[in-house]
Amino acid sequence: EWTVLAQDGHGDVRQGKDNTWYASGAKEWEREYDHGAPKGTWRKWYANGQPASETTFAGADVEQPMRFWHENGQLSAEGPAKNGARCGTWKFWKEDGTLREQGEYAGSLREGDWNVWSDGKAEVHVAHYVRGVITSGK
């Protein structure tokens, strides 16, 4: 369910609210567009009704929290984003709620040292990234 403002030769230019549902009738997406650009808070749910993701589009210079969840309801990832582009410090968790990774994003690419915790171990491994590509590990 959405409104098409125009067709630009590459697809539809969506306008206004855009909602989708699973075949079961459960809501899958709730999002909004302004002349084809993402607007407002976008939310996605798993078929079981648990939240899957949430991000707010508020302009290229405005940091807003972005969150993802595992299907069991446990937080999966969280950090700031500017208009949907990851930036700043992000954390990632395992399905049991234990911290898995932590590091910085710049322009939605991993950057610098990332701490990675091994399964069942308290020790941390450091991975170094440059523009999203792992270059070394310590």
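Points to keep in mind about this one:
- 10 Å-binned pair-distance histogram of the range 10-87 (Cα, whole percent): 20, 42, 33, 5
- Each peptide among 40-50, 122-132 gets the average number of other Cβ atoms lying within 10 Å of its residues, and from highest to lowest they stand as 40-50, 122-132.
- Calculated FRET efficiency for the pair residue 61/residue 18, C-beta based, R₀ 30 Å, to 0.05: 0.75
- Cα Rg, Dmax, the range 46-106, angstrom units: 12.1, 35
- Simple rule: put +1 on each Lys or Arg Cβ and -1 on each Asp or Glu Cβ in the chain, find the dipole, and look at 134, 122, 15; the Cα lying farthest toward the positive end is 122.
- Computed over protein heavy atoms with a 1.4 Å probe, the carbon and sulfur contribution to the accessible area of the range 31-138 reaches 48%.
- Sorted from longest to shortest, the spans of the Cα atoms of the range 62-138 along the three principal axes equal 37, 33, 14 Å.
- Counting only protein heavy atoms and a 1.4 Å probe, the range 1-84 has 58 square angstrom of accessible area per residue.
- All C-alpha pair distances within the chain, sorted into 5 Å bins from zero, spread as 2, 10, 14, 16, 18, 15, 11, 8, 4, 2, 0 percent across the bins.
The values are calculated or read from the model by the stated rules, or taken from the named source; none is laboratory data. Quantities reported herein were computed from a predicted structural model and do not represent experimental measurements. Virtual Cβ from ideal backbone geometry, glycine too; neighbours counted across all protein chains shown. Remember, those area values only see protein heavy atoms, side chains included, never the ligands or the DNA or RNA. Shrake-Rupley method; radii C 1.70, N 1.55, O 1.52, S 1.80 Å.
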